[in-house]
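A.B. asks: One structure, pasted below without further comment.
The values are calculated or read from the model by the stated rules, or taken from the named source; none is laboratory data. The structure displayed is predicted, hence computed values, not measured ones. With ideal geometry, Cβ positions are generated from the backbone for all residues, glycine too; neighbour counts draw on all protein chains shown. Please note that ligands, DNA and RNA were not included when accessible areas were found on the heavy atoms of the full protein model with its side chains. Shrake-Rupley method; radii C 1.70, N 1.55, O 1.52, S 1.80 Å.
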Amino acid sequence: MYIKKLLTIILVALIASAIAGIYGVINDQITFSISSEYYTKFKFIQFNLANENNIDKIKFPRIFVSIVVFLATWWFGLVLGFINLIQTSWQKLFKVSFNALLIAILVTFITGILGLFYGFFFLSHQPRSNFEEWFIPYNLENFRNFIAVGSMHNFSYIGGILGLIVAIFYSYKKRG
């Protein structure tokens, strides 16, 4: 019984980590299409994949986008997998873990979309001076889209935490 549960939790954690990473990759490939500058002039530098002097030399930026986001999201599935150790059987652990993952991804997705709309329709219309505390590159070609994608990313982190809380609550309610 314990061996099956242990093997299930390892399998769930690996699969959930891969799914969380893939979700992040798809999400960021879409946001890259909205503002490539958010990545090339901010995220790549933040993750030490490039610097201001060699940004123009990156031939395949979408691959770098995938690396950045996978590194930022894979752990989410791992956490969700291990939280479900509270389940009484390996079958229940398997089912509840994946339902919890879907719930968390849905909450994260909805929150991220709200952030994109908030960023695009509200934040990006604010004067640039309102963003002095933010890292805003001086040479942006599309300030509005950069702000919208930045807002989406910030909301997505909040959505990820909120989704994790909802998933934990769901898992707790399904134990037994």
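A.B. asks: Tell me, yes or no, whether the range 46-63 has at least one residue that is assigned to a helix (DSSP H, G or I), polar (S, T, N, Q), within 24 Å of G160 (Cα to Cα) and touching an Asp or Glu at 6+ places or on another chain (Cβ under 8 Å).
C.D. replies: no
A.B. asks: Mind listing whichever residues of the range 95-110 are open to solvent by 80 Å² or more (accessible area, probe 1.4 Å) and within 16 Å of K4 (Cα to Cα)?
C.D. replies: Scanning the range 95-110 gives a single hit, K95.
A.B. asks: I need the full set of residues from the range 22-55 which are within 15 Å of the chain's Cα centre (by Cα) and among the basic types (K, R), in order please.
C.D. replies: If the condition is that a residue be within 15 Å of the chain's Cα centre (by Cα) and among the basic types (K, R), then K43 is the only one that fits.
A.B. asks: For the range 116-171, what are the residues that are open to solvent by 90 Å² or more (accessible area, probe 1.4 Å), assigned to a helix (DSSP H, G or I) and charged (D, E, K, R)?
C.D. replies: Within the range 116-171, just R128 meets the criteria.
A.B. asks: Residues I58, I19: which one is open to solvent by 30 Å² or more (accessible area, probe 1.4 Å), farther than 21 Å from I147 by Cα and more than 19 Å from the chain's Cα centre (by Cα)?
C.D. replies: On inspection, the qualifying residue turns out to be I58.
A.B. asks: What number goes with the only condition from (1) open to solvent by 50 Å² or more (accessible area, probe 1.4 Å); (2) assigned to a helix (DSSP H, G or I) that V25 does not pass?
C.D. replies: (1)
A.B. asks: Go through the range 62-81 residue by residue and tally those that are farther than 13 Å from A20 by Cβ and open to solvent by 70 Å² or more (accessible area, probe 1.4 Å).
C.D. replies: The total comes to 3.
A.B. asks: Name the residues in the range 135-176 that are under 28 Å from T40 (Cα atoms), without any contact (Cβ under 8 Å) to a residue 40 or more places away in the chain and of a type in the set (V, I, T), would you?
C.D. replies: I136, I147, I161
A.B. asks: Please work out which residue is modelled with the lowest pLDDT, limiting yourself to the range 82-93 and to residues that are within 15 Å of K173 (Cα to Cα) and surrounded by 17 or more Cβ atoms within 10 Å (Cβ to Cβ).
C.D. replies: Only one residue fits best here, namely N84.
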